[in-house]
Structures are given as structure tokens and as C-alpha cells.
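*Asks:* I'd like to ask some things about the structure below.
The values are calculated or read from the model by the stated rules, or taken from the named source; none is laboratory data. Since the model is a prediction, treat every value here as computed from it, not as a measurement. When we count neighbours, we look across all protein chains shown, and the Cβ atoms used for this are built from the backbone with ideal geometry, even at glycine. Please note that ligands, DNA and RNA were not included when accessible areas were found on the heavy atoms of the full protein model with its side chains. Shrake-Rupley method; radii C 1.70, N 1.55, O 1.52, S 1.80 Å.
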Amino acid sequence: MPEQASLLSVKELSRVFILRSGLTRTRIAAVNRVSFELAAGRPEIFSIVGESGSGKSTLARMLLGLLEPSEGKIIYKGRDVTAIRRRRDRLAFMKEVQPVFQNPFDTFNPLKKVETYLYETVYNFGMTDNVREADRIIDDALRAAGLSLVEVKGRYPNELSGGQLQRAAVARALITQPSLIIADEPVSMMDASLRMSVVNLFKELKERLGVTVIYITHDLATAYYVSDRIVVMLRGNVVEQGPVEKVLAAPLHPYTRLLKESVPKPDPKDKWEGEVKLATSEGVEYARAGCKFAGRCPYVQDACIREAPPDVEFDGRIVKCHRVEEIASGTAQPAQNGSAPPEALRSPKAGSQAG
């Protein structure tokens, strides 16, 4: 049988929510026609980044089958998983595509020993019904995550550190020998030292075990460090996509540039300098007819307000912007009023959040 060209192909994926307030109905596209592809036989770390309310967690839930798309397809190893209905087929998909969630203390019940979840995973996915073989499978998975069954056995979640517990969550995902791990904000609850240990673990899984990781985060620093490719989301739309060294080292979309500039940098006295300038008017931007970034973009033009920008292939990446070639060449002139939004953009009638 020939090798599948794609491990995962996401095609025009959308999720629309209808918000009701009295007699008013507001349509919010939390994820809007998102497309990307992960190649089979070429493990990578593929990051999805954006500020709160960008739609990245909604996208993750659809990829994991926890939320049904409004439109589009998710093709895993040649099969449309959005059309799976039989429990057996769903279980087979879940065995190959495993999640790692944000807070490990939410993943593990504080009243149950950690190994209980590991044994349940072995037995529920039919890995073995032999206790000794289950011990071996679990210990192998824990060792791949930097732990061992001896360290974990008999201990409750509160007896492990946050970093150890998140490693146990990664080990639980590895038990089924997945091809793909979807990690949704897996280090956001940790301090800096623990954060890097888990991020390095994902790199090791890719390099040693050949596991592809979709890494979802708002943290550009870890995304730049760990990623091979990256997509940047804004209000449900992918605004820039490509190799991480191009997208984050030399961003073309004005929103990606804003994200990069908004990362705090320590000065020599270990104080934070700079100001995070991200807007909180999520509903206003979701409801905007043209470019979702038009209210904050220094290069906004009338076309940006009226028309959704196209996806432009430029310099080895895809950028959703009317003026990408001008911005790349340095010939784009800022709007007369700078980065302040035009008066027409200040008061659309909408309000919502979508993660």
C-alpha cells in the first residue's frame, strides 16, 4: 500500500456560533475557513498561536472530535474523521490522535492515584489485558516523558509537581503510540523553568519517537523555540502561515508584527519594558466585514474595511493581507491617522468571545 501523502489535512474548517440576546441574533465565526496540512512520514512541531479569543482552542476541540465543525473537513490518513459515526472507528482515531490539555490538575482527579488513569488508558484502548505487560507499556511511556512507573505508582496528583504531572499527562498520551499529539496551551500554567522542560520534551518526542505535535499557545517565545512551522490566528482567521524562522523572525502581516512587538523583553535590571497593546474588543473584530485587524492596523485602507483580504502566497508563506507585497518591500505608507481605527470602525453592534 502506498504511503499516505498527508497525516492530517484540514480543509476550509469553520465553526459558527449563534449568540442570542433578546430578539437579536449575532453570528460569530469562531474559526473561519482554516486550512493546513501535515505530511505523513515527516514529524514536525506545528504551532498555532494567537491572543485570547483568536479561535485556536475552538480549532483544537474540532481536531480532537470534541466539537463538530459547521463546515469543512478534517482528513486523517486519508479518512474524513468529521464523518465518523461508529464508536469503534472513533476509538481507532482517538488511539492515534491524543490530547494534552492546559492544566494537568484538571486532567487527573485528586482523589484517584495517577497510575489509575494510565492503566485505564492501556485497557480501554485494548493495548493488553496482561498486568505485567501493562506495567511495561506504562513504564516505557513514562520513561519517554522523563519519569518511571516507580516514581508515579501509589501517588496522588498533589504528590507530584506541576511539571511531573504534565509529564504524566504526556505519558498517558504516549501509551497508545499515537502519530499525532494535540497539545492545547500545555505549559501556560507553569513557571519558566518547568515550561522549558515540557517544551523540550515535545522536541524529544518528535526526534526520538517520530510523533508530530500540534502545539497551541499564546506564547510566541516557546513557539519560536520549538516549532518547525507556525500559523498565526486572529478572530478565527489564519493571517500568516509558514516556516517559523520566516513568520516570527521576519513577520509580514501587521498583526504578527504586533504580536512580536508585544512580547515583553527584560531590561538589564530584570524589569519588564514595553507595553502589550492587544485589544479586548473581541466581538467588534469578529463582526467586522473586512480584515479583522483593520481597527488596529497602521496600514489600513478603504479596501481593508470593505473586503476580506485574500490568502497571498509570498516568500514561502501564506499571508492574509491586501498589502503584503507593499509591506514586504517597505513601500507601504501608513494610514493618515496612524494606527488609530477610522471612525466607522469604532462602534459595530456585536459582542462575543471565542477561544
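*Asks:* So, for the chain, what is the accessible surface per residue at a probe of 1.4 Å, expressed in square angstrom?
*Replies:* For the chain, the per-residue accessible area is 50 Å².
*Asks:* Among residues other than A183 whose Cβ falls under 14 Å from its Cβ, what is the net charge (Lys/Arg +1, Asp/Glu -1)?
*Replies:* Result for the local shell: +2.
*Asks:* Set the bar at 29 Å for Cα to Cα. Now go through K11/K112; K95/K206; K73/K95; K56/K153; K56/K112 and name every pair that lies beyond it.
*Replies:* Violating the 29 Å limit, Cα to Cα: K11/K112; K56/K153; K56/K112.
*Asks:* Provide the solvent-accessible area of K320, counting protein heavy atoms only and rolling a 1.4 Å probe, rounded to the nearest 10 Å².
*Replies:* K320 exposes around 40 Å² with every protein chain in place.
*Asks:* Quick check: from the Cα gyration tensor, does region 18-119 come out rounded (a/c under 1.5), prolate or oblate?
*Replies:* oblate
*Asks:* Give me the percent relative contact order of the chain, please, defined on Cα pairs under 8 angstrom at least 6 residues apart.
*Replies:* This gives 19 percent for the chain.
*Asks:* Out of (1) 5, 24, 33, 26, 10, 1, 0; (2) 5, 19, 18, 13, 12, 12, 11, 7, 2, 0, 0; (3) 5, 23, 31, 24, 13, 4, 1, 0, which label holds the value of P(r) over Cα pairs in 10 Å bins from 0, in percent that was computed here?
*Replies:* Derived directly from the coordinates: (3).
*Asks:* How much solvent-accessible surface does S52 expose, in Å² to the nearest 10, with a 1.4 Å probe and all protein chains in place?
*Replies:* We get 90 Å² for S52.
*Asks:* Sticking with this structure for a sec: In whole Å, what is the distance between the alpha-carbon centres of region 39-96 and region 149-193?
*Replies:* 21
*Asks:* Quick one, could you list the DSSP H helices from the chain stretching 15 Å or more along their long axis (Cα atoms) with average Kyte-Doolittle hydropathy of -0.5 or above?
*Replies:* In the chain, the long hydrophobic H runs are 114-124, 131-144, 162-174, 192-204.
*Asks:* So what's the back-of-envelope 222 nm ellipticity for the chain, counting only DSSP H runs of four-plus at -39500 (n - 2.57) apiece and dividing by all residues, rounded to 500?
*Replies:* Helix-only estimate at 222 nm: -8500 deg cm²/dmol.
*Asks:* With every protein chain left in place and a probe of 1.4 Å, what is the accessible surface of S35, to the nearest 10 Å²?
*Replies:* The accessible area of S35 comes to roughly 50 Å².
*Asks:* Tell me the trypsin sites (Lys or Arg not before Pro) within region 1-100 that lie in a loop according to DSSP and have at most 11 other beta-carbon atoms within 10 Å.
*Replies:* For trypsin sites (Lys or Arg not before Pro) across region 1-100 that sit outside H, G, I, E and B with at most 11 neighbouring Cβ atoms in 10 Å, the list reads R85, R86.
*Asks:* Right, another one. At a 1.4 Å probe radius, which order do D228, D139 fall into by accessible area, largest first?
*Replies:* Solvent-accessible surface, decreasing: D228, D139.
*Asks:* If I compute solvent accessible area with a 1.4 Å probe over the protein chains, what percent of it on the chain is carbon and sulfur?
*Replies:* The computed percentage sits at 49.
*Asks:* Largest first, how would I48, I318 line up by accessible area (1.4 Å probe)?
*Replies:* I318, I48
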